[in-house]
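Please read the structure below before turning to the comments.
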Ligand SMILES: [Zn+2]
C-alpha cells in the first residue's frame with residue numbers, strides 16, 4: 001500500500017492550515033518531505049497516526065523556515081528516544097551540505113550531547129542533481145529545481161510503479177523536462193488563483209497561480225496533479241475555487257488536498 005499523507009498545504013505564513021510538508025508511505029515505511037516551520041510537525045504527525053520513531057528518512061528541499069525549522073524537532077524527538085532504546089536503526093537526513101552544516105552547528109551549540117549522535121545514528125546525506133537514492137524500496141532521482149535564488153531540490157521517484165515528481169515550492173523549470181515529462185503524479189505549488197494575482201503577487205514571490213501550475217501539468221502530460229503551498233484566506237472554499245480554475249487548463253485528475261488528506265497511489 002503506497003500513499004501520500006499530506007501533513008500541510010499552506011505557504012510560510014499561513015494560520016488556517018499547516019506549512020507544506022508530506023509523508024510518502026510504502027508499507028508502513030515513510031519519507032518525510034520537509035518538516036514545516038516548528039514543533040507543530042509533531043502534532044501533525046500525531047494527528048496522522050504516525051510515530052516520529054517510525055521515521056528514518058527526511059528530505060529537506062531548501063532552508064526556508066517553513067520547510068527546515070521543524071527538522072530540529074524531529075532530531076530532538078529521535079535523539080531523546082535513541083538512548084532509551086526506543087528508536088531502531090538510523091535517521092538519514094537528505095539535505096545540501098550547506099544546510100547540513102547549519103543544522104549541525106546549531107544543534108551542537110545548543111544541545112552538544114544530542115550532536116554526539118551525528119554520524120553514528122543521525123546521518124546527513126548530501127543532495128546534488130542526478131543523485132540516485134533508494135528510499136522505502138523506491139528509486140529516487142534528486143533534481144536541482146533551478147530556483148531564481150538560493151538552492152532548492154526536489155525529486156522524481158518510482159513510487160508503486162508510478163512516477164511521482166515533486167517540484168517543491170518553486171515553479172517547474174524547463175531543464176527538468178526529460179525527468180518530469182509523463183509523470184503519473186506531479187506535486188506542484190500554486191500560491192493562489194490567477195484572478196488573485198494583484199492581491200497576492202505570486203510571481204514576485206517566485207510562485208505560481210493555479211492556472212500556471214495546471215498549464216505546466218498539461219505541458220508535461222501528467223496524469224494526476226496535486227496542488228499545494230497555497231494562501232489560506234478562503235480555506236473552506238479553496239478546493240472548489242482552485243479546482244474550478246484548474247480544470248480550465250488541465251484535463252487530468254486535479255487534486256487540491258486539505259491538511260491530513262491521504263492520497264492512495266495504488
Ligand atoms: Zn515554502
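We did not get these values from a lab; they are worked out from the coordinates using the rules stated. Computed from a predicted model, the values in this text were never measured in an experiment. Here the Cβ is made from the backbone with ideal geometry for all residues, glycine too, and neighbour counts use every protein chain on show.
Applying a 10 Å radius around every beta-carbon, put 187-195, 140-148 in order of their mean neighbour count, most first.
Result, highest mean first: 187-195, 140-148.
For helix 97-110, report the angle its Cα long axis makes with the longest principal axis of the Cα atoms of the chain; keep it between 0 and 90° and round to the nearest 10°.
Taking Cα atoms only, the helix is inclined about 50 degrees.
Over the Cα atoms of the range 112-172, compute the convex hull volume and normalise it per residue, giving Å³.
So the per-residue Cα hull volume is 118 Å³.
Cα-Cα pairs above 11 Å in the range 35-74: how many percent?
Details: 474 of 780 pairs.
In whole percent, the share of Cα-Cα pairs in the range 35-74 beyond 11 Å is 61.
Provide, in order from the shortest bin, the percent of all Cα-Cα pairs of the range 147-212 in each 10 Å bin, continuing until the bin that contains the maximum pair distance.
21, 46, 28, 6, 0
Once each part is reduced to its C-alpha centroid, what is the distance from the range 133-187 to the range 1-30 in angstrom?
Rounded to whole Å, the Cα centres lie 16 Å apart.
Can you classify the range 92-217 as rounded, prolate or oblate using the Cα gyration tensor, where a ≥ b ≥ c are the square roots of its eigenvalues, rounded means a/c under 1.5, and otherwise it's prolate if a/b beats b/c and oblate if not?
Because a/c hits 1.5 or more and a/b fails to exceed b/c, the range 92-217 counts as oblate.
How compact is the range 1-139 by the rule of thumb for globular proteins, expressed as Cα Rg over 2.2 N^0.38 Å? Could you put the intermediate results ahead of the total?
Working: Rg = 14.2 Å, N = 139, 2.2 N^0.38 = 14.3 Å.
So the range 1-139 has a normalised radius of gyration of 0.99.
Just to confirm the number: angle between the C-alpha axis of helix 210-219 and the first principal axis of the chain, 0 to 90 degrees, nearest 10?
In the chain, helix 210-219 runs at an angle near 90 degrees to the longest axis.
Quick one: which of 205-216, 112-123, 85-96 comes out on top by average Cβ neighbours within 10 Å, and what's the full order, highest first?
In descending order of packing, they fall as 205-216, 85-96, 112-123.
In vacuo Debye scattering of the range 76-126, one point per C-alpha: log10 I(q)/I(0) at q = 0.16, 0.28, 0.29 Å⁻¹?
Results for the range 76-126 at q = 0.16, 0.28, 0.29 Å⁻¹ read -0.43, -1.16, -1.21.
Rounded to the nearest 10 degrees, what's the angle between the helix 70-81 long axis and the longest principal axis of the chain, both from Cα atoms, 0 to 90?
Approximately 30 degrees, to the nearest ten.
Ranked highest first by average number of other Cβ atoms within 10 Å, how do 155-164, 224-233, 176-185 line up?
224-233, 155-164, 176-185
For a distance above 14 Å, tell me the whole-number percent of Cα pairs in the range 215-257 that qualify.
Distances greater than 14 Å cover 44 percent of the Cα pairs.
Give me P(r) over the chain, computed from all C-alpha to C-alpha distances, binned every 10 Å, as integer percentages.
7, 32, 38, 18, 5, 0
Over all directions, what mean area does the Cα convex hull of the range 175-260 project, stated in square nanometres?
Taking a quarter of the hull surface, the average projection is 5.7 nm².
Tell me, how many Å apart are the Cα centres for the range 32-85 and for the range 208-266?
Using only Cα atoms to place each centre, the spacing works out to 26 Å.
For the range 21-97, rounded, prolate or oblate, judged on the Cα gyration tensor with a ≥ b ≥ c (square roots of eigenvalues), a/c < 1.5 rounded, else prolate if a/b > b/c? Display every interim value, and only then the final one.
Values: a/c = 1.38, a/b = 1.29, b/c = 1.07.
Verdict is rounded for the range 21-97.
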